[in-house]
Amino acid sequence: MKQAMKRECKGELLENVGEFGPAIKRERTARGWTQDYLAGQLGVTKGYICRLEAGKARPAAGMVKRLAAAYRTEASSLLILAGHVPAELQEILVRHPEAALAVLKQALGEGGAATGVAQGTSDRSPRDQPLLGITPPASYDLVRSDCFEWLAQRRPNSIHAIVTDPPYGLREYTQEEKAKLRSGKGGVWRIPPSLDGCERSPLPRFTVLGGKEKRQLGHFFLSWARAALRVLVPGGHVFIATNPLLSQIVYVALIEAGFEKRGEIIRLVQTLRGGDRPKNAHVEFEDVTVMPRSCWEP
C-alpha cells in the first residue's frame, strides 16, 4: 500500500514512499534533464533510465548513490525508497515490526508515513503490512550427519524440495583409497600440480564402474530415493546433479522408488583438457567421445 506524504523541505525527492521510479523522474524533469542527459551523467543507457523510472528495474545501492550525487541530494532516503535498508534498520524491521513505523518515520522525516496504518487507512496491524518490500533474511541450519540417518529422523511430509549433488565414486571413498589419499601416494586420488604457488585439492582419477559397482550404485540411490520420498510433501521436487555416464542408473532408481521424471537441466561444462575425450588419449582417439556431445552434462 502506498500513501502520499507531502514534504516541505527544499530539494527532497520523495513524495510517495515506495515510488522510487516516479521520484527520480520528477526530479529529472524538474531540472529539465532528458533521459539521455541523465544516462550520460551516470554512464548507463537511456533504456536503463527508462526502466528505472517505470519501476521495471531495481537499482543497486551504488547506482542509487550515483543518482543522489547527480541530483546533489542525500542518498539515505533514496536508498530506503529503493529497498536498500541499512542493516540496523532491517534488523528492526524483521525483529520488531511494531517499532518499524517509528524508525521509518524518523529516517524519512517527521512528515513521512511508512504505510497506510500510520494514516489510518487500514485496519491491518503493522505486523501484517509489507514494509518497503523487505523480506526477512533466509534462515538455515548446517548439519553434519549421515544422510540416511538424518532423513530417518525427519517427520513424513516435512520437506518441500531437495537439491543435491551426491558422490558417485565407489572406489574413491573406500578406507583403502582414503588411506592412500592421506599418505599422498598411490590410489585413484591425484594431487594436481600447484599453480603460481597455489596448492590445489586432491581429485579422484576418472574410473569406469563395472557391472557389480553399477548395481551397488543403483541400490544406493534406490534406498536414498525411498528415504527422500517419505519426507517430501506431496508434489515435492528433487533436483539431483548427475553425469552422462551414470544418469540412467539414477533415473531408474528414483522412478522405481515412486518419483516421476519431469525433465533435465543440462549444464554446459568446459575443461582444460576436453572432458568429453578418453583421458590421456584424446589426440589418438579424436573421434571418440564419452559424452553425447561436447560440454553436455545433466
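We did not get these values from a lab; they are worked out from the coordinates using the rules stated. Please read these numbers as outputs of a predicted model, since none were measured by experiment. Note: ideal-geometry Cβ built from the backbone for every residue, glycine included; neighbour counts use all protein chains shown.
Descriptive notes on the structure:
- Residues Arg144 and Ala241, FRET efficiency given R0 of 25 Å [Cβ-Cβ distance, rounded to 0.05]: 0.75
- Using the alpha-carbon positions of the stretch 147-297, Rg (one decimal) and Dmax (whole number) come out as 18.2, 54 Å.
- Look at where the Cα atoms of the stretch 207-252 and of the stretch 39-69 average out, and the two centres are 47 Å apart.
- Per-residue Karplus couplings for the stretch 142-154, computed as 6.51 cos²θ - 1.76 cosθ + 1.60 with θ equal to phi - 60°, are listed in order as 9, 10, 9, 7, 5, 4, 5, 5, 5, 4, 5, 8, 7 Hz, Gly and Pro entered as x.
- Note that the stretch 216-223 has calculated 3J(HN,Hα) couplings of 4, 5, x, 5, 4, 6, 5, 5 Hz, one per residue in order, obtained from phi through the Karplus relation 6.51 cos²θ - 1.76 cosθ + 1.60 (θ = phi - 60°); glycine and proline are x.
- Residues with amide H under 5 Å from that of Phe259, placed H, sequence gap 5 or more: none
- When each of Lys25/Lys46; Lys185/Lys212; Lys25/Lys56 is checked by Cα-Cα distance, pairs over 19 Å: Lys185/Lys212
- 5 angstrom amide H check on Trp296, placed H, neighbours 5+ away: Val269
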